[in-house]
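The values are calculated or read from the model by the stated rules, or taken from the named source; none is laboratory data. Keep in mind that what you see is a predicted model, and the values were worked out from it rather than measured. Glycine also receives a Cβ, built like all others from the backbone with ideal geometry; neighbour counts cover every protein chain displayed. The area values use the complete protein model at the heavy-atom level, side chains included, leaving out ligands, DNA and RNA. Shrake-Rupley method; radii C 1.70, N 1.55, O 1.52, S 1.80 Å.
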Amino acid sequence: MTTVCFAHGQESGPWGTKIRALAEVARGVGHAVESLDYQGMANPEARARKLSAWCRAQSEPAILVGSSMGGYVALAAASDVGAVGLFLLAPALSMPGYAAIPVPPPPFCPMTIVHGWQDDVLPWSGSAHYGELSGARVVLVPDDHRLVADLAGLCRVFRLFLVELGAAPREERT
């Protein structure tokens, strides 16, 4: 059983509305679920080190899911730990105030990026550009940064991602 590990954003917590809904989807298709707590940790690189350490302590590679700054964190850890898959939600790929932190290179695993057209915190164009460079699936939705206006739709996209991961032969994921 693969574990899905969630990385929350700067202003949220490990078990917010979106993560709880996505965790139910993951459990529903047979995955274990974990959500690390980064509250009080403002530095995205420190968060990425915490996630990498957690991943290395697991018996099998994980599926990483990250929202906003957690998207950056999951992306930064993915290649380092050999993630099975990466699902990013309005990822902070160009964070105001963090210009010195480089955007990590694309990992060698399936990746889907979901971003809202009306995001006024992080522009969707950064996700579209990263998707173009990486070959990731990019899903733009009529939502804002929180991505909870159509939580059922987000859950459908996540379920599709998980189901497709399960259908992919192991050698395609490395």
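Taking only pairs six or more apart or across chains, which ones have beta-carbon atoms under 8 Å, a first residue in segment 63-86 that is free of Cβ contacts under 8 Å to residues at least 60 places away in the same chain, and a second residue that is among the basic types (Lys, Arg) and surrounded by fewer than 24 Cβ atoms within 10 Å (Cβ to Cβ)?
81/56
May I ask you to list pairs of residues, at least six apart or on different chains, whose Cβ atoms are under 9 Å apart, with the first in segment 143-172 being of a type in the set (Ser, Thr, Tyr) and the second being open to solvent by 20 Å² or more (accessible area, probe 1.4 Å) and modelled with pLDDT of 95 or more?
none
Being open to solvent by less than 50 Å² (accessible area, probe 1.4 Å) and either at pLDDT below 95 or not hydrophobic (A, V, I, L, M, F, W, C) (or both) is the filter here; which residues of segment 129-147 pass it?
Those that are open to solvent by less than 50 Å² (accessible area, probe 1.4 Å) and either at pLDDT below 95 or not hydrophobic (A, V, I, L, M, F, W, C) (or both): 130, 131, 134, 143, 145.
Just one of (1) touching a residue at least 40 places away in the same chain (Cβ under 8 Å); (2) open to solvent by 70 Å² or more (accessible area, probe 1.4 Å); (3) out of contact with any helix residue (DSSP H, G or I) (no Cβ under 9 Å at 6 or more places or on another chain) trips up residue 123, so point out which.
(1)
Among (1) part of a loop (DSSP other than H, G, I, E, B); (2) among the aliphatic types (A, V, I, L, M); (3) within 25 Å of residue 144 (Cβ to Cβ), there is one condition residue 83 misses while meeting the rest; what is its number?
Result: residue 83 passes all but (3).
If a residue must be under 25 Å from residue 93 (Cα atoms) and touching a residue at least 24 places away in the same chain (Cβ under 8 Å), how many such residues does segment 12-25 contain?
So the first thing to find is which residues in segment 12-25 are under 25 Å from residue 93 (Cα atoms), and the list is 12-23.
From the residues that got through so far, the ones that are touching a residue at least 24 places away in the same chain (Cβ under 8 Å) too are 12-14, 17-19, 21-22.
Counting residues in segment 12-25 that are under 25 Å from residue 93 (Cα atoms) and touching a residue at least 24 places away in the same chain (Cβ under 8 Å) gives 8.
Being surrounded by 24 or more Cβ atoms within 10 Å (Cβ to Cβ) and either aliphatic (A, V, I, L, M) or more than 11 Å from the chain's Cα centre (by Cα) (or both): is that true of residue 7 here? Please lay out each step first, then the result.
On the way: surrounded by 24 or more Cβ atoms within 10 Å (Cβ to Cβ): yes; either aliphatic (A, V, I, L, M) or more than 11 Å from the chain's Cα centre (by Cα) (or both): yes.
So residue 7 passes the test.
Conditions (1) open to solvent by less than 20 Å² (accessible area, probe 1.4 Å); (2) closer than 23 Å to residue 166 by Cα; (3) outside any loop (DSSP other than H, G, I, E, B), marked per residue:
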residue	(1), (2), (3)
34	no, yes, yes
41	no, no, no
47	yes, no, yes
55	yes, yes, yes
61	no, yes, no
66	yes, yes, yes
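Given (1) loosely packed, with under 15 Cβ neighbours inside 10 Å; (2) of a type in the set (Lys, Arg); (3) over 27 Å from residue 143 (Cα atoms), where does residue 27 come up short, assuming only one miss?
(3)
Output yes when any residue across segment 98-119 is assigned to a helix (DSSP H, G or I) and closer than 27 Å to residue 163 by Cβ, and no when none is.
The initial filter retains those residues of segment 98-119 that are assigned to a helix (DSSP H, G or I), namely none.
No, that holds for no residue.
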